[in-house]
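Participant: Next up is a structure, given as structure tokens.
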Amino acid sequence: MQAPAQEMVNMRKETPMDVMPESLAQETVKEAIAMEVPIQHEMESHWMKPMFYVDPAKIATCEFHEGCHMAEEEDNRDATAVKTEDLIPIGACCCVIDSLYCTFPACLGCTCDGTLLFLQGRAAFCKPLDCKDEDKRCCAIAELQEYCVIPTRFGEGKCQICCLDRRYAIPCTDNVPCLVNSCGLNCMADFGCKIACCKTIGDLVPRLKK
């Protein structure tokens, strides 16, 4: 009478890997690896290195980024993003700003993005591009992204439709500086008194132009 362990060995059915020649198995593995699609490159985004490659100080302060919201520009803004310093505020109350966006042709189309705690989203439609990338693209027909992020603030959001822009942030950020404005007449900027009329945010908060 065979031992129970030996009976289990005898009852075991051969698997495809048992009958597959070693060379064929290796080729199958290589083909499987080759079929992996580099998603980050297809999205034209910046690959974020594994955590053990990231500076611990940046981890502590959440100063690392991932995804196609990063652009090939010196200021790290997406090619379709609205530049805060170009906006002309027509109404603002601390952390909420309504503005005119008169930069042409950048004002064409619409773009919205926002972050609420650990959820982040972005959408852009019919936004003109400068054709300076490798594929010479001239227009972003539609772009939609959703992320989970490490929370750094309660919330921030921006929405631009043609020449109108509305944005908020809690607390205020460089994208949404603290302003008090009514009908284009500005009373306060960047937590200080600043009297001006129909000026851009870049003029009201000069540090944003740097």
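Read-outs throughout are calculated quantities, based only on the coordinates presented, and are distinct from any laboratory measurement. Bear in mind that the values here come from a model prediction, so they are computed numbers and not experimental data. Counting neighbours? That spans all protein chains shown, and the Cβs are built from the backbone with ideal geometry, glycine included.
Participant: Suppose a student asked you for the relative contact order of segment 77-209, using Cα pairs under 8 Å spaced at least 6 residues apart; what percent would you report? Don't skip to the answer; put the middle values down first.
Facilitator: Details: 315 pairs, mean separation 40.0, N = 133.
It rounds to 30 percent for segment 77-209.
Participant: Distance cut-off 22 Å, Cα to Cα: go down the list Lys83/Lys199; Lys127/Lys199; Lys127/Lys210 and report the pairs above it. Display every interim value, and only then the final one.
Facilitator: Working: Lys83/Lys199 15 Å; Lys127/Lys199 25 Å; Lys127/Lys210 25 Å.
Checking Cα-Cα distances, Lys127/Lys199; Lys127/Lys210 exceed 22 Å.
Participant: What ³J(HN,Hα) values, in whole Hz, does the Karplus curve 6.51 cos²θ - 1.76 cosθ + 1.60 give for segment 176-187 when θ = phi - 60°, with x put for Gly and Pro?
Facilitator: For segment 176-187, the Karplus curve yields 9, x, 6, 9, 10, 8, 9, 6, x, 8, 9, 10 Hz.
Participant: Ignoring solvent entirely, what values of log10 I(q)/I(0) come out of the Debye formula for segment 77-209 at 0.09, 0.19, 0.22 Å⁻¹ when each Cα is a single scatterer?
Facilitator: Log10 of I(q)/I(0), two decimals: -0.27, -1.07, -1.28.
Participant: Distance in nm between label sites at Cys163 and Val96, each 7 Å beyond Cα in the beta-carbon direction?
Facilitator: 2.4
Participant: When all C-alpha to C-alpha distances in segment 147-210 are sorted into bins of 10 Å, what percent of pairs does each bin hold, rounded to whole numbers?
Facilitator: 19, 47, 28, 6
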